[in-house]
Amino acid sequence: MNQPVNIHQKKFEIKKPWTPIEVAKLNDQIVRLALFEGEYPLHKHEEDELFFVVKGSFILQRKGFPDLLLNEGDMFVVEKGIEHRPVSPMKSYVLMFEPQSLNSKGD
């Protein structure tokens, strides 16, 4: 990639909720943009995962921890091994920074 990426334009490439698109790669990481709407299944990863809310807000549920409300501009890292799921009653666009080994469906 040798051109800037406009995240707000990339939103139009997303066809349905919970189907992230790749927007960039760096080192062994991948940056994906997803539309969050509704509930995603509870899951965990063997690597950390970073969420950055571009537009909207969502609730991050983590097993054994209080729910977190993440609003536009908020960022949060879910540490590896923690069961979690995003819940979004509204359409929200979220960047996820993940290891390339994580599959493209976010689980």
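Annotations for the structure displayed:
- Among residues of segment 57-94, those that are farther than 18 Å from Pro41 by Cβ and touching a residue at least 40 places away in the same chain (Cβ under 8 Å), counted: 3
- In summary, strands (runs of 3 or more DSSP E) completely within segment 1-105 and bearing 2 or more residues that are surrounded by fewer than 14 Cβ atoms within 10 Å (Cβ to Cβ) occur at 21-26, 68-71, 75-78, 84-99.
- Unique residue being touching a strand residue (DSSP E or B) at 6+ places or on another chain (Cβ under 7 Å), basic (Lys, Arg) and either under 17 Å from Met75 (Cα atoms) or free of Cβ contacts under 8 Å to residues at least 40 places away in the same chain (or both) when the list is Lys10, Lys15: Lys10
- Filter result for Phe36 (touching a Pro at 6+ places or on another chain (Cβ under 9 Å), touching a residue at least 40 places away in the same chain (Cβ under 8 Å), closer than 30 Å to Gln3 by Cα and aromatic (Phe, Trp, Tyr)): yes
Quick note: the coordinates plus some simple rules give every number you see, no bench work behind them. Values in this document were obtained by computation on a predicted structure and should not be read as measured data. When we count neighbours, we look across all protein chains shown, and the Cβ atoms used for this are built from the backbone with ideal geometry, even at glycine.
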